[in-house]
Amino acid sequence: MAVRWLAGRVKGMNPNQTGAMIPVNSVTIQGYKSEDFVKAYASSSGLFSVLNLIIRKACTMPWYPYQVKKGAEAKVALNRWVAKSKTPGALTSGTIDTIIKERKAAFDDSMIVDGSPLAKRLAKPSEYQSQDEFFENCLGYMLTSGEANIWGNTGDPNDTEGEFAEILVLPTQFIDDFNDPNDLHGLLGYRFAAGSGINIKKENLVRWKNWHPDFDAVDRRHMRGISPVEVAWRTYLMELEGGNSMANTLKNGGARGAIAPAQVTQGMPTRWTPDQVDMAFKELQKWTKGNSNNGTIGILGTPVDYHNFGLSPVDMDIIKVMDLTLHQWCRVFGVPTVLFDSEHTSDNNYQNAMRDLVSNTVVPMLSRLRDKLNGWLLPRYGLEGKVWIDFDISALPELQRDMEKMVNWITKAWMLSPNQQLELMGYEPSADPLMNEIYIPGNLKKLSDVGMDLSPLPNDPNVQY
């Protein structure tokens, strides 16, 4: 159903309008009251660094609607691709060829439904955001707050069937739920707490969230996603206090050391009068500062001890705590710590770690989002069972090494025809019938074809061997 722009159908969210009509009755509004994830993201360099790495890597892949091939074989291949793409560690050098083959059996890059309303909406979700900015918002809220709420605007807040004129990611901390009083897992709608409050039909918003184990029949917190920042809140506090301590140390560093009278006999060391301390300090400044003192040797009139005010064991522990918190953020979000260890990381280890990040974290996360978008967008555009929204994994450079291994293996697999090799590498097969033949290497021959007689030699005494 195409969107028809009638009177009252407008883009954007007007904070002065209440929006959709929702039968609230005696239902309670449950809100995401915690804004701690916003504060943590804005003040934690470790959290920002880890999330920025994940989001930038995930946003490099373009999204398209693909025409799904017909037939049971294509359906099975699609289900296998969907399952494997959500499995951490599935994209390895040993499986990438199988995965690409199954993806191609369901749809391929030549089957992009370009120019359709759905394709245009994916390419430009709204007039405010490009595709990568939209997914950056979506992933950012998911990783920090534990959920992403995507609103589809048809132009009429009460329209639950029309195509979307724009799709936007709404801030998690401003989304309230109208809970169904007769269903502990039911929702009647949503409310965007901006201005006087904007009501949203439940059909016009999709929530992508983490599982929340805390079940509560009153406030329905199990209907919201659990924030990874909330789980790792102590890590954030450790980093915050450690950073404050280091900043105070640098800000109030003071002197690097001090001299004091040395103990000469068994008694107490000589005590200097304030005037003597002041005179010694001025003389020390003359000796140690200025280019004219470079290389000179000072002379002291009395034995002294020097006390170094360098990093104390407590300061060294603070540095270790800062490193520990960064590693903790990596563990929380599934990022290899090697990517932030510049001192002990070789190029090979770094490349392997980036591939692990893509295979174990980025692709499974995007696959979950893909399934949510397909279940929400395709019915609205009347394309369920005909089109499949997916991201293009071939755009990831971390898989190029695996692709190189796959190509080397395929070119040596003489038991496959050239057309079969082309299909495994993602190319269209050739119409030339010779490309369906199997070619064996020319340097390999059967022993019987060589023409050599290897039967036992006759025992003839008259033959000279």
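Of all residue pairs spaced 6 or more apart or on separate chains, those with beta-carbon atoms under 7 Å, a first member in the range 194-218 that is free of Cβ contacts under 8 Å to residues at least 40 places away in the same chain and a second member that is part of a loop (DSSP other than H, G, I, E, B) and not small (G, A, S) are A217/L184.
Put simply, of L422, L383, L399, L416 the only residue that is at pLDDT below 85 and not in a helix (DSSP H, G or I) is L416.
The residues in the range 165-197 that are among the hydroxyl-bearing types (S, T, Y), out of contact with any helix residue (DSSP H, G or I) (no Cβ under 6 Å at 6 or more places or on another chain) and farther than 19 Å from T154 by Cα can be counted, and the count is 1.
Quick check, is S359 of a type in the set (S, T, Y), more than 30 Å from P441 (Cα to Cα), at pLDDT below 90 and buried (at least 17 other Cβ atoms within 10 Å of the Cβ)?
Yes: the conditions hold for S359.
Restricting the first member to the range 50-69 and to residues that are free of Cβ contacts under 8 Å to residues at least 24 places away in the same chain, and the second to residues that are surrounded by fewer than 20 Cβ atoms within 10 Å (Cβ to Cβ), the beta-carbon pairs closer than 9 Å and six or more apart or on different chains are R56/E136.
Residue-wise test of (1) modelled with pLDDT under 90; (2) under 20 Å from the mean Cα position of the chain (by Cα); (3) closer than 19 Å to P125 by Cβ; (4) not assigned by TED's automatic domain parsing to the domain that holds E127.
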site: S145; (1), (2), (3), (4): no, yes, no, no
site: I150; (1), (2), (3), (4): no, yes, yes, no
site: T154; (1), (2), (3), (4): no, no, yes, no
site: E166; (1), (2), (3), (4): no, no, yes, no
site: I200; (1), (2), (3), (4): no, no, yes, no
site: E203; (1), (2), (3), (4): no, no, yes, no
site: W208; (1), (2), (3), (4): no, yes, yes, no
site: F215; (1), (2), (3), (4): no, no, no, no
site: I226; (1), (2), (3), (4): no, yes, no, no
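Considering (1) over 30 Å from D36 (Cα atoms); (2) buried (at least 18 other Cβ atoms within 10 Å of the Cβ); (3) touching a Ser or Thr at 6+ places or on another chain (Cβ under 8 Å); (4) not aromatic (F, W, Y), the lone condition that K124 does not fulfil carries the number (2).
The values are calculated or read from the model by the stated rules, or taken from the named source; none is laboratory data. The model shown is predicted, which means the values in this text are computed figures rather than measured ones. As a convention, Cβ positions derive from the backbone with ideal geometry for all residues, glycine included, and neighbour counts pool all protein chains shown.
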